[in-house]
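What follows is one structure encoded as structure tokens, with my remarks underneath.
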Amino acid sequence: MADSLLWLLSLLDSTARLAVPLLLAALAGFYAERAGIIALHLEGKMLAGAFAAAATAAVTGSAWLGLLAAIAASLALAAVHGFASISQRGNQVVSAVAINTVALGLTAVLANAWFQIGGRTPNLPADARFGEVTLPLAQSLSGVPVLGPIYAELVSGHNILVYLAFLLVPATAWVAYRTRLGLRLRAVGENPSAVDTAGINVARLRYQAVLIGGVLCGFAGAYLSTAQGAGFQTNMTAGKGYLALAALILGKWRPVPTLLACLLFAFADALQTRLQGVALPGIGQVPVQLIEALPYILTVLLLAGFVGKAVPPKAIGQPYVKDR
Amino acid sequence: MTTLPLAAAQASPAPFAVELVDIDKRFGPVHANRAVTLRFAPGTIHGLVGENGAGKSTLMSILYGFYQADSGEIRVRGEPARISTPQDAIRLGIGMVHQHFMLVETFTVLENLLLGHEEGPLLGAAKARARGEVEALEKAFGLEVPLDAVVSDLPVGVQQRVEILKALYRGADVLILDEPTAVLSPPEVEQLFRILDRLRAEGRTILLITHKLKEIMAVTDRVSVLRQGAVVAEFDTAQTSQQAIADAMVGKKAVLTLDKAPATPGAPLLSVQGLTVVDGRGVETLSDATFQVRAGEVVGIAGVAGNGQSELLQALAGMLPFNAGRFTLAGTEVAAGSGYDAAKARALGVAHVPEDRLRLAVVKAFPAYQNAVLGWQGDKALGGWKLDWRKVMLKTAELMERFDVRPRAPSLRTSLFSGGNQQKLVMAREIDRNPDVLLVGQPTRGVDIGAIAFIHRQLLALRDAGKAILLVSAELDEIMALSDRILVMCGGRIVGELPAAEATEQRIGSMMAGIAEEPAGEGIRA
């Protein structure tokens, strides 16, 4: 009984940890896409952020400076995407794919050039990473049945970025639906002409949205390399940026359903590590590759059939040009 | 023809609400506005008319800050004003209701009103305050609008009221309306005019852009006519006539009336039975349409845009699969799911002039001669599968001559022809095939007055040659002028049928709005 509770708690615990980068990136995508800019560049921004964080932390020994560097790197790529999509009215998919490709190549090359250990950064010592935060009373309450372990194992003992990510969900919902900025962002993603005729600068608004996304992807990248992991590895995002975008679509471009979609993907991921090598009743041992593919298969299935009709922001992907 | 408006004649002249002085604007080679000077007196409705491309919309966009004039001056209430963004215009009390509404469809009415006028970073308090202010405005001007409804759920007429309310809420003293009646049913038009009257009574100034002369006569105090970017005439509405305005618009005697002989209908060439179309969302956009079009007859379909007319036309043309029902063409029955398409439609003697000319009828980037055979490119007389371009050129030149397409330049890129001449080219291509049944949608949309009369005469000539014509148009006047019988559509259904002789605007209008005909039927309520 206690064993299975602990097993379940550890499964949920790693679900939470695995959900964080998806969540941060999906929220980044939320701002950009609700403002009408396709956020296919999440992957590249996250990867650049991860590299910048790990490299800076390795050199300075400070996780916080690493975080700042991650935000700066991610913001720079967000600005490029904004410039191409908003100022130059380019094709947003092409811009995003270019950014992702550059980020993938450049981080590997720079890592190799600066640290010369095969496209990685050195392993970070504990004090150059975001450590676990033990919430008050976690120890003293751990004796309480059921609730004690839940609090001690699941709620307490994460790094600060995990708490930040989850708090950003209500914060984003609040910004989107209760503030002037949110009203304008949602409007510019639906009908930029209406925003323009209301006397609001369309380009500036869209830049704001893309740059907010840049900051959030910086957090996501820093989390991967200096909180969840202990250094940068080539292509360490491994498609998480795309998965985050899938979660955003699955969540129909709304904050709370997007959180649920991120948790679902993370749960599948947490489950797959625990299923490896386990013989399932009636099936036998399933090949590792198939189990590892589980989260992705799930994504395809959900997006293909079970979402219902997801209606994207109407003006998404369309550069704003005054007509006539 | 005076140049001074009425108000200036008073002893101590009130300043004009807005003055445009010597406004000049070019877009590349196009001279959109030529030294335009216009003065609008406060508390009046001022009409602005002109053919397509006469520069009305450009002028108003300059006043609203969308474009900057190359030279000239704008004065608001006597003071020189610099208007370089819509925000400047809003601050000066100028509001605009665009032809295509500038509303966020997924937002509620209240959110749309707030957008750009939030007064503070948080919405909660702003919403409460706005609600009070807006309700006061609604009462003052008779503009009832449900504030918490989502815009996409509202009928077009109500959406337009939201636009007017939005401008008023932002403090508009001068209201520009760009073709406001294009999307409205006649009762909605009447309601709009009542609102405009009320605004004028409250001292607001209204600039009305329209091409419908009847509306100019009905509501305006003064009217200015633009032609090729310049003001060519100004009238006090009470002292002029539709004919005089139309003459000024085209620069010569305009033909407004149409000589139409009585129809002599023969056997049915098109019989439609229970035709039904369901769209991708599962909504029935066309329900159970049943009617006939006989030889030598024009049947007009009246209705507010989006009530199933387009679906009907496209289903019959083979552009849209239908889900139930059948129709008979030249003795051949076509049933749902039979793989009927545009090519089969042509083989059965149907020609189609689609509603959306640039999207469905021509390829803009093609030279005229390529568009002149589009859809008939397999014709043996033109060389069959291996087109003989020399023959196509000759054919095009002949069509251009017959249908008065100007300039007569078969090699000119289609996008460089005016809307009216593009349409004449399309009509020429379709009518030249001597179809038994001609399906026509919006034949004169975006077409100049001169070309309208020509196109109408061509349609009647085809009718008199014993062909069947099904006409869909948003212009009620056009339907009434051309049709021998009129079917009225509302909500995807044919809700009424009238012989042309018995059709009045009022009767058709109330059917279009989905109001059952009252026996006494005098007042129209919306």
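A few notes on this one:
- Top-ranked residue in the range A:74-111 [being among the polar types (S, T, N, Q) and buried (at least 20 other Cβ atoms within 10 Å of the Cβ); ranked as farthest from the chain's Cα centre (by Cα)]: A:SER85
- Selection status of A:LEU9, at pLDDT below 95, over 19 Å from A:GLN208 (Cα atoms) and part of a helix (DSSP H, G or I): yes
- If the condition is being assigned to a loop (DSSP other than H, G, I, E, B) and within 8 Å of chain A (Cβ to nearest Cβ), then the range B:69-86 contributes only B:THR85.
- The residue list A:GLY251, A:GLY241 contains one member that is buried (at least 19 other Cβ atoms within 10 Å of the Cβ), touching a residue at least 24 places away in the same chain (Cβ under 8 Å) and either more than 29 Å from A:ALA108 (Cβ to Cβ) or in contact with a Lys or Arg (Cβ under 6 Å, 6 or more places away or on another chain) (or both), which is A:GLY251.
- The one condition in (1) farther than 14 Å from A:LEU24 by Cα; (2) free of Cβ contacts under 8 Å to residues at least 12 places away in the same chain that A:GLN208 fails to fulfil: (2)
- Scanning the range A:181-224 for residues that are polar (S, T, N, Q) and either outside any helix (DSSP H, G or I) or crowded, with 24+ Cβ neighbours inside 10 Å (or both) turns up A:ASN191, A:THR197, A:ASN201.
- The residues of the range A:107-124 that are part of a loop (DSSP other than H, G, I, E, B) and of a type outside the set (S, T, N, Q), listed by number, are A:ILE117, A:GLY118, A:GLY119, A:ARG120, A:PRO122, A:LEU124.
- Conditions (1) within 11 Å of another protein chain (Cβ to nearest Cβ); (2) among the hydrophobic types (A, V, I, L, M, F, W, C); (3) under 27 Å from the mean Cα position of the chain (by Cα); number of the one not met by B:LEU114: (3)
- Meets criteria (farther than 26 Å from B:MET249 by Cβ, within 14 Å of chain A (Cβ to nearest Cβ) and not in a helix (DSSP H, G or I)) for B:PHE66: no
- Residue list for the range B:87-111, filter: under 27 Å from B:HIS211 (Cβ atoms), at the interface with chain A (Cβ under 9 Å from one of its Cβ atoms) and not hydrophobic (A, V, I, L, M, F, W, C): B:HIS98, B:HIS100, B:GLU105
- A:VAL210 within 14 Å of chain B (Cβ to nearest Cβ), closer than 30 Å to A:SER87 by Cβ, at pLDDT 95 or above and within 20 Å of the chain's Cα centre (by Cα): no
- Residue that is surrounded by the most Cβ atoms within 10 Å (Cβ to Cβ) [pool: residues in the range B:378-412 that are in contact with a Leu (Cβ under 6 Å, 6 or more places away or on another chain) and either outside the structural domain of B:ALA428 (by TED's automatic domain parsing) or not charged (D, E, K, R) (or both)]: B:VAL405
- The number of residues in the range B:216-244 that are out of contact with any helix residue (DSSP H, G or I) (no Cβ under 7 Å at 6 or more places or on another chain), surrounded by 16 or more Cβ atoms within 10 Å (Cβ to Cβ), in contact (Cβ under 8 Å) with a residue 40 or more places away in the chain and not in a strand (DSSP E or B) comes to 1.
- Filtering B:ALA136, B:ALA126, B:ALA167, B:ALA172 for residues that are more than 11 Å from chain A (Cβ to nearest Cβ) and part of a helix (DSSP H, G or I) leaves a single hit, B:ALA136.
- For the range B:208-224, the set of residues classified as of a type in the set (Lys, Arg) and under 14 Å from B:MET60 (Cβ atoms) is empty.
- Annotation for the range A:160-178: at least one member residue is in a helix (DSSP H, G or I), within 14 Å of another protein chain (Cβ to nearest Cβ), in contact with a strand residue (DSSP E or B) (Cβ under 7 Å, 6 or more places away or on another chain) and within 26 Å of B:LEU110 (Cβ to Cβ).
- Residue in the range B:146-160 that is closer than 23 Å to B:ALA89 by Cα and not β-branched (Val, Ile, Thr) present: yes
The values are calculated or read from the model by the stated rules, or taken from the named source; none is laboratory data. Bear in mind that the values here come from a model prediction, so they are computed numbers and not experimental data. Reconstructed Cβ throughout: ideal geometry from the backbone, glycine too, with neighbour counts over all protein chains shown.
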